[in-house]
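**Student:** I have a structure I would like to understand better, so I am pasting it below and will then ask my questions one at a time.
Quick note: the coordinates plus some simple rules give every number you see, no bench work behind them. Computed from a predicted structure; not experimentally measured. Positions of Cβ are backbone-derived with ideal geometry, glycine not excepted, and every protein chain shown enters the neighbour counts.
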Amino acid sequence: MGGDGRTKDLIATVSAISNGLMNEVAKVIIGKQENLRRITIGILSNGNMLIEDFPGLAKTLMANTFASALGCKFKRVQFTPDLLPADIMGTYMYDQQAGEFKLRPGPLFTNVLLADEINRAPAKTQAALIEVMEERQITYDGEEYPMSFPFLVIATMNPIEQEGTYNLPEAQLDRFLFKIKLDYPELHEEEEILQR
């Protein structure tokens, strides 16, 4: 019987924290309450999210605002056709003072990573990111480097009909907890954005 009270208290605490997080993000992001709720659920579930929509709809701002509201480290990687796996994972560099190779970590070593326009990168780079999302670690020369906790990826994807994009295979899509479509703001929301 005592466990029920603790469970209710825990649920009330998580609910209050979640609402506080969404309210903090809503100070910057106008409208999109359902999308804010989905991203909050994704964060609570330690899941990765894919946002598909046209450029200019505040996808980057939304990811950065969530990271700030959580007090987490945030990094953004612009995925391009020439992006290599080492560009996001990092690479070994020779340290002359120490006389040895040391890992120079890439942008994956963060809490919240925005993988911007993930479907513009070649399959090899997409696969490297998806592997890290699944295993929550990077392996270099047999040595494992765990990701920070929390670690989540918010990836954006341009509509496939846009030039220079590649389909994400189904095997990669299933690494995302949610696929979110932002859509354009309502007229009254656009007016509020302009006023701010």
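**Student:** For region 87-149, calculate the relative contact order in percent as a whole number, restricting contacts to Cα pairs under 8 Å that are 6 or more residues apart.
**Tutor:** 27 percent
**Student:** Can you show me the helix-derived [θ] at 222 nm for the chain, built from DSSP H runs with n ≥ 4 at -39,500 (n - 2.57) apiece and divided by the number of residues, rounded to the nearest 500.
**Tutor:** Computed mean residue ellipticity for the chain: -12500 deg cm²/dmol.
**Student:** As I understand it, the value is the acute angle between the Cα axis of helix 2-26 and the longest principal axis of the Cα atoms of the chain; what does it come to in degrees, rounded to 10?
**Tutor:** Helix 2-26 sits roughly 80 degrees off the main axis of the chain.
**Student:** Determine the percent antiparallel among the DSSP beta bridges restricted to the chain, to the nearest 5.
**Tutor:** Expressed as a percentage, antiparallel bridges in the chain total about 35.
**Student:** Please report, in debye to the nearest 20, how large the charge dipole of the chain is about its Cα centre when each Lys and Arg carries +1 at its beta carbon and each Asp and Glu carries -1 there.
**Tutor:** Result for the chain is approximately 540 debye, rounded to the nearest 20.
**Student:** If I fit a long axis through the Cα atoms of helix 59-70 and take the longest principal axis of the Cα atoms of the chain, what angle between them do I get, 0 to 90°, rounded to 10?
**Tutor:** Once rounded, one gets 80 degrees.
**Student:** Another question about this same structure. On C-alpha positions alone, give me the angle between the axis of helix 33-44 and the longest principal axis of the chain, in degrees, nearest 10.
**Tutor:** Its long axis makes an angle of about 50 degrees.
**Student:** Please name whichever of Met62, Leu84, Ala127 sits farthest to the positive end of the charge dipole of the chain, dipole taken about the Cα centre and charges placed at Cβ: Lys and Arg +1, Asp and Glu -1.
**Tutor:** Of the options given, the answer is Met62.
**Student:** Nearest 20 debye, what's the magnitude of the dipole of region 95-157 about its Cα centre given +1 on Lys and Arg Cβ and -1 on Asp and Glu Cβ?
**Tutor:** Once rounded to the nearest 20, the dipole reads 220 debye.
**Student:** Please enumerate, by chain and number, the lysines with C-alpha under 17 Å from the C-alpha of Lys181, excluding those fewer than 8 residues away in the same chain.
**Tutor:** Lys32, Lys59
**Student:** On to the next question. Leaving out same-chain residues fewer than 8 places away, which lysines sit with a Cα under 29 Å from that of Lys102?
**Tutor:** Reachable lysines: Lys73, Lys75, Lys124.
**Student:** Additional query: Net charge within 15 Å of Ala69 by Cβ-Cβ distance, Lys/Arg positive one each and Asp/Glu negative one each, not counting Ala69 itself?
**Tutor:** +3
**Student:** How large is the charge dipole for region 1-105, taken about the Cα centre, if only the Cβ atoms of Lys, Arg (+1) and Asp, Glu (-1) carry charge, to the nearest 20 debye?
**Tutor:** Taking the Cα centre of region 1-105 as origin, the dipole is about 260 debye.
**Student:** In addition: How much net charge surrounds Val25 when only the other residues with a Cβ under 14 Å from the Cβ of Val25 are counted, with Lys and Arg +1 and Asp and Glu -1?
**Tutor:** +3
**Student:** Further, regarding this structure: Among Asn111, Leu21, Gln33, flag the residue with its Cα farthest along the positive direction of the charge dipole of the chain, charges on Cβ as +1 for Lys/Arg and -1 for Asp/Glu.
**Tutor:** Leu21
**Student:** Percent relative contact order of region 11-118, based on C-alpha pairs within less than 8 angstrom and at least six residues apart?
**Tutor:** 24 percent
**Student:** Find the centroid of the Cα atoms in region 41-75 and in region 97-161, then give the distance between the two in whole Å.
**Tutor:** Between the Cα centres of region 41-75 and region 97-161 lies a distance of 16 Å.
**Student:** Let me ask something else about it. Please work out the Cα convex hull volume for region 1-135 and give it in Å³ per residue.
**Tutor:** Given the Cα convex hull of region 1-135, per-residue volume reads 168 Å³.
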